[in-house]
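> Before I ask anything, here is the structure I am working with.
The values are calculated or read from the model by the stated rules, or taken from the named source; none is laboratory data. Just so it is clear, the model here is predicted, and its values are computed rather than measured. Methodologically, a virtual Cβ is constructed for each residue, glycine included, from the backbone with ideal geometry; neighbour enumeration extends over all protein chains shown.
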Amino acid sequence: MVLTLSQVQSLFGVQASAGAAGNAATAIPALKRATAQGAEAKGIAREEKDPVTLTALARFRVALDKAGTIEQALQDPRILKVIMPALGLPDQVGNAGMVRRALLSDPADPKGLAAQLGSTWRAAAATLGVNATGLAGLRDPAMVERMSDAFLKYQYRTGLDEQQAGLSDALYFLETARNAEDVFDVLGDPVLRRVVTGALGLPAQIAVQSVEAQGRAVTARLKVDSLQDDRAVRKLAERYLIVAANNASGSAAATDPLATLTALSVRA
């Protein structure tokens, strides 16, 4: 008996995953489309109408109005849900305690928590500036608009990953790679780290090594100065996308019900 794709989906109660996140053949064309003139502006314009995004922004503004102190504001999940992705630290939304301490530290102080946590945190603290301005600075209309715009961009870009695995990382890398002054700036930024180590084929297990050892592994394969070269950066982004697509395809194949049935029929 041969089952159709729709029958497989009905039997297993899932959508077919094959191709849901693109593949290696579509990776580079997807990047070209995403970086075409006007593509991001159109995408963000669509995101501005998304009900989920609009709700998150509305809750952000309500929470900001109700906050009594900057400390309270930096521990409110409604506020962190917007500002942490906007600041390039989406994975820290649930880490309110450290967020509060880091963003209230002086980014210019090498002994401050933000500086000790790395370049991304230091830049986030400097961008927000609440160490000097407090709650009034976070409530400033220009800052609210800046955070809202950055959140919209984040939402748009992460949505692209549903079409092509790793695409949001690649776009971020193209935009910020030149800001890395040394290998530790690369390793200190989660996205730069992911793109560079992925493009260079370094195993995930490298994370258990010392930062110095990780730095040597990267610099043995990449001259950090090359991140100032747009063409070199583009090539790294493309290589990363291909790796991400292959990884996504492998994961999909491992859990794809159609692949499971096929394997069972072959064994039978």
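> Taking the condition of a type in the set (Phe, Trp, Tyr) and modelled with pLDDT of 95 or more, does Phe60 pass?
Values: of a type in the set (Phe, Trp, Tyr): yes; modelled with pLDDT of 95 or more: yes.
When the stated conditions are applied, Phe60 passes them.
> I'd like the residue in the stretch 64-75 that is of a type outside the set (D, E, K, R) and within 16 Å of Pro141 (Cβ to Cβ) and, out of all such residues, is surrounded by the most Cβ atoms within 10 Å (Cβ to Cβ). Steps first, answer last, please.
Narrowing the stretch 64-75 to residues of a type outside the set (D, E, K, R): 64, 67-70, 72-75.
Next cut, within 16 Å of Pro141 (Cβ to Cβ) only: 64, 67, 73.
Numbers: Leu64: 20, Ala67: 19, Ala73: 23.
Taking the candidates together, the pick is Ala73.
> If you don't mind, another one. Given the criterion surrounded by 20 or more Cβ atoms within 10 Å (Cβ to Cβ) and within 30 Å of Ser249 (Cα to Cα), identify the matching residue among Ala102, Ala124, Ala25, Ala86. Break it down into steps so the answer makes sense when it comes.
Details: Ala102 fails: within 30 Å of Ser249 (Cα to Cα); Ala124 fails: within 30 Å of Ser249 (Cα to Cα); Ala25 fails: surrounded by 20 or more Cβ atoms within 10 Å (Cβ to Cβ).
Result: Ala86 is the single residue among Ala102, Ala124, Ala25, Ala86 that is surrounded by 20 or more Cβ atoms within 10 Å (Cβ to Cβ) and within 30 Å of Ser249 (Cα to Cα).
> When residues of the stretch 76-107 are filtered for being touching a residue at least 40 places away in the same chain (Cβ under 8 Å) and over 20 Å from Gly137 (Cβ atoms), how many remain?
Of the residues in the stretch 76-107, 2 are touching a residue at least 40 places away in the same chain (Cβ under 8 Å) and over 20 Å from Gly137 (Cβ atoms).
Here is a yes/no grid of residues against (1) out of contact with any Pro (no Cβ under 7 Å at 6 or more places or on another chain); (2) in a helix (DSSP H, G or I); (3) not assigned by TED's automatic domain parsing to the domain that holds Ser249:
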position: Ala25; (1), (2), (3): yes, yes, no
position: Lys32; (1), (2), (3): yes, yes, no
position: Arg59; (1), (2), (3): yes, yes, yes
position: Gln75; (1), (2), (3): yes, no, yes
position: Arg78; (1), (2), (3): yes, yes, yes
position: Val82; (1), (2), (3): yes, yes, yes
position: Pro85; (1), (2), (3): yes, yes, yes
position: Asp91; (1), (2), (3): no, yes, yes
position: Gly97; (1), (2), (3): yes, yes, yes
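> Here's another thing I want to ask about it. Return yes when Asp106 is in the same structural domain as Arg78 (by TED's automatic domain parsing), more than 18 Å from Gln75 (Cβ to Cβ) and over 21 Å from the mean Cα position of the chain (by Cα) and no when it is not. Lay out the reasoning, then the answer.
On the way: in the same structural domain as Arg78 (by TED's automatic domain parsing): yes; more than 18 Å from Gln75 (Cβ to Cβ): yes; over 21 Å from the mean Cα position of the chain (by Cα): yes.
Yes: the conditions hold for Asp106.
> Let me ask something additional. Go through the stretch 63-73 and report how many residues are touching an Asp or Glu at 6+ places or on another chain (Cβ under 7 Å) and not in a loop (DSSP other than H, G, I, E, B).
Residues of the stretch 63-73 touching an Asp or Glu at 6+ places or on another chain (Cβ under 7 Å): 63, 67.
Now restrict to residues that are not in a loop (DSSP other than H, G, I, E, B): 63.
Count: 1.
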